[in-house]
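What follows is a single structure, written as structure tokens, with notes after it.
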Amino acid sequence: LKNPFPNPFNPITRIDYSLPNDTDNLNITIYDVRGRIIKELENGFKNKGNHSLNWNASEYASGIYFINMTVDGYNFNRKITLLK
């Protein structure tokens, strides 16, 4: 899971990640500072390689959020800041 760009952002940020192997259980989720799930961006099968997705946070309040990527038993996290 690479650092999102831009960060801080308003209202769209790009999330890049790479996978060394095909996986059946990729999950990328956005959490708020209280640990509540805000948005699930990816869930399920993904081919190996480099991938990119955008999160449009226009319906969410300014603040700090966390991107969590879980794949094959590993967890990766990044902190992002939404400024409106």
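The values are calculated or read from the model by the stated rules, or taken from the named source; none is laboratory data. This one's a predicted model, so the numbers in the text were calculated from it and none came from an experiment. Just so you know, the surface numbers come from the protein's heavy atoms only, side chains and all, with ligands and any DNA or RNA stripped out. Shrake-Rupley method; radii C 1.70, N 1.55, O 1.52, S 1.80 Å.
Observations, loosely collected:
- Here segment 40-84 has 45 percent of its accessible surface on carbon and sulfur atoms, given a 1.4 Å probe and all protein chains in place.
- Only beta bridges with both residues in the chain are counted; by DSSP, about 95 percent of them are antiparallel.
- Calculated diffusion of the chain, Stokes-Einstein form, Kirkwood radius summed over Cα pairs, 4 °C and 1.567 mPa s, µm²/s: 100
- Per residue accessible area in Å² of the chain, where ligands, DNA and RNA are left out and the probe is 1.4 Å: 61
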